[in-house]
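Q: Dropping the structure in here first, questions after.
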Amino acid sequence: MSKPPVPDHGCLEKHIVHYRQMVCGHSVALDERVRRGMMQRVAFSEVVRRYSWIWFDAYGVLNRGTEPVPGAGETLRQLRRAGIPFRLVSNNASHAPEEIRANLAAMGIVLDLDDIVTSGQVVGDHVRELGYDTRPYLWVGAHDSARHYAPNPHVLMVNHPGSTWREDAAEFVLFSGNQEYYGGVQERILLASGRVRSLPLLLVNADLVAPEPSGETHLVAGFTACTASEAGRHPLVGVGKPFRPVFDLAWKRCGYPPLDRVLMVGDALETDILGAAAFGVGTCLTLTGLYGPMEAILEPVCFRMGIQPDYVVGSIAWKA
Ligand SMILES: [Mg+2]
């Protein structure tokens, strides 16, 4: 099965605008908040001193595949020494927090279990709030992760060995993201089949693209869902970044500090920066991930998207 082509930014822009409209709606205040970052280039060690809590994205910020971003482990040690608490705020719903902690620890990036907030942890409550918790649905994602995150017993597994899923019984589709099937392939097949009619798509991992360990970038579940939604076939319901539910959980897990004392550090404008800015926390784009290759054109890209971080750093290394 061939993978979708490596995307350039142009093919993402329509979907980024779509996310922006979903997050900001018709609110002038939210629009301003997302658009008016100062984009100051500062050393990371300087930025963090201005905040009381740091929220980190993982991929492209702390690590790339199985490799740590140079200096990431040391930065976490420096933050502990300085008494600045932090949380991981991740769209990863393919792995349980225990696995995420173990994978990062193997790279020298040490987190407590309580430090890890994932969009997978939100999905159960969110589905309940929507009144969907007694309805059968399709779980499209890593089947192992359903053990940890599937929010109700009416889950119909897609692509699960031995599972006979019945799409005609489903009332919504939950895209959890799946690192076993790079390229959003199973999501594409499902939607292209037309068998799920116009069911709502719940985006637990809303990433549009993801870097592979090889350094290539590929399209993932959020991209597929946006394409289907923009064609008018499926309403989208956001759970992971840039949507509010995962930020609400992160805020709760920090004890509700003043939002202007929190800094979100991420490598993706369309998830980390857009969502965090709208939520009301400070934003820092790091160039060790998705937008690193666009450093030379970063300002016009941010301006065009209307998503501007407060700070831009080359890396989270303490002395970069
Ligand atoms: Mg990332």
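Q: When all alpha-carbon pairs of the stretch 36-101 are counted, what percent fall beyond 17 Å?
A: When every Cα pair of the stretch 36-101 is considered, 49 percent fall beyond 17 Å.
Q: Another question, if that's okay. Can you sort 176, 198 from fewest to most other Cβ atoms within 10 Å of each residue's own Cβ?
A: With the fewest neighbours first, 176, 198 line up as 198, 176.
Q: Applying 1/(1 + (r/R0)^6) with R0 = 56 Å to the Cβ-Cβ distance of residue 319 and residue 147, what FRET efficiency is obtained, to the nearest 0.05?
A: Calculated value: 0.85.
Q: I've got another one for you. Between 120, 71, 141, find the one with the highest GNM mean-square fluctuation for the chain; connect C-alpha pairs within less than 10 Å.
A: 71
Q: If you take every residue apart from residue 311 with its C-beta less than 10 Å away from the C-beta of residue 311, what net charge results, scoring Lys and Arg +1 and Asp and Glu -1?
A: For residues surrounding residue 311, the net value is 0.
Q: What are the ³J(HN,Hα) couplings of the stretch 274-279, residue after residue, when phi is run through the Karplus curve with 6.51, -1.76, 1.60 and θ = phi - 60°? Round to Hz, x for glycine and proline.
A: Here the 3J(HN,Hα) series is 4, x, 5, 5, 5, 5 Hz.
Q: Go ahead and estimate [θ] at 222 nm for the chain from helices alone: -39,500 (n - 2.57) per DSSP H run with n ≥ 4, summed, over the residue count, rounded to 500.
A: -9500 deg cm²/dmol
Q: Could I ask something else about it? Counting other beta carbons within 10 Å of each Cβ, put 291, 256, 132 in order, fewest first.
A: So the ranking, lowest neighbour count to highest, is 256, 132, 291.
Q: Filter the GluC sites (Glu not before Pro) in the stretch 203-292 to those in DSSP coil with at most 13 other Cβ atoms within 10 Å of their Cβ, and list the result.
A: 216
Q: Tell me, what HN-Hα J-couplings in whole Hz come from the Karplus equation 6.51 cos²θ - 1.76 cosθ + 1.60 at θ = phi - 60° for each residue of the stretch 60-70, using x for Gly and Pro?
A: With the stated coefficients, the stretch 60-70 comes to x, 10, 8, 9, 9, x, 8, 9, x, 5, x Hz.
Q: Given the Cα atoms of the stretch 50-155, and with Rh set as the inverse mean 1/r over their pairs in the Kirkwood sense, what is Rg to Rh to two decimals?
A: Rounded to two decimals, Rg/Rh equals 1.05.
Q: Taking 7 Å along the Cα-to-C-beta vector as the label spot, tell me the residue 102-residue 114 distance in nanometres, rounded to one decimal.
A: In this crude label model, residue 102 to residue 114 measures out at 2.3 nm.
Q: For the modelled label position 7 Å from the Cα of residue 28 along Cα-to-Cβ, which residues of the stretch 298-313 have backbone nitrogen atoms closer than 11 Å?
A: none
Q: List every residue whose amide H lies under 5 Å from the amide H of residue 313, counting only residues 5 or more places away in sequence or on a different chain, with H placed 1.01 Å from N in the peptide plane.
A: HN-HN under 5 Å from residue 313: 285, 286, 287.
Q: Evaluate Rg over Rh across the stretch 1-115, taking Cα atoms for both radii and Kirkwood's formula for Rh.
A: Taking Rh as the inverse mean 1/r over Cα pairs, Rg/Rh reads 1.02.
Q: Let's test the formula: R0 of 45 Å, r as the Cβ-Cβ distance of residue 80 and residue 134. What FRET efficiency results, to the nearest 0.05?
A: Efficiency computed from Cβ-Cβ geometry: 0.55.
Q: If you don't mind, another one. Give me P(r) over the chain, computed from all C-alpha to C-alpha distances, binned every 20 Å, as integer percentages.
A: 35, 59, 6
Q: Here's something else I'd like to know. List 12, 259 from most exposed to least, where exposure is judged by having the fewest other Cβ atoms within 10 Å.
A: Lowest count first: 259, 12.
Q: Let me ask something else about it. With angles folded into 0 to 90 degrees, how steeply does helix 10-24 sit against the dominant principal axis of the chain? Use alpha carbons for both and round to 10.
A: Helix 10-24 sits roughly 90 degrees off the main axis of the chain.
Just so you know, all these numbers are worked out from the coordinates, no wet-lab data involved. It should be emphasised that the depicted structure is a prediction, and the values quoted were computed from it without experimental measurement. Cβ sites come from the backbone with ideal geometry, for glycine too, and all protein chains shown count toward neighbours.
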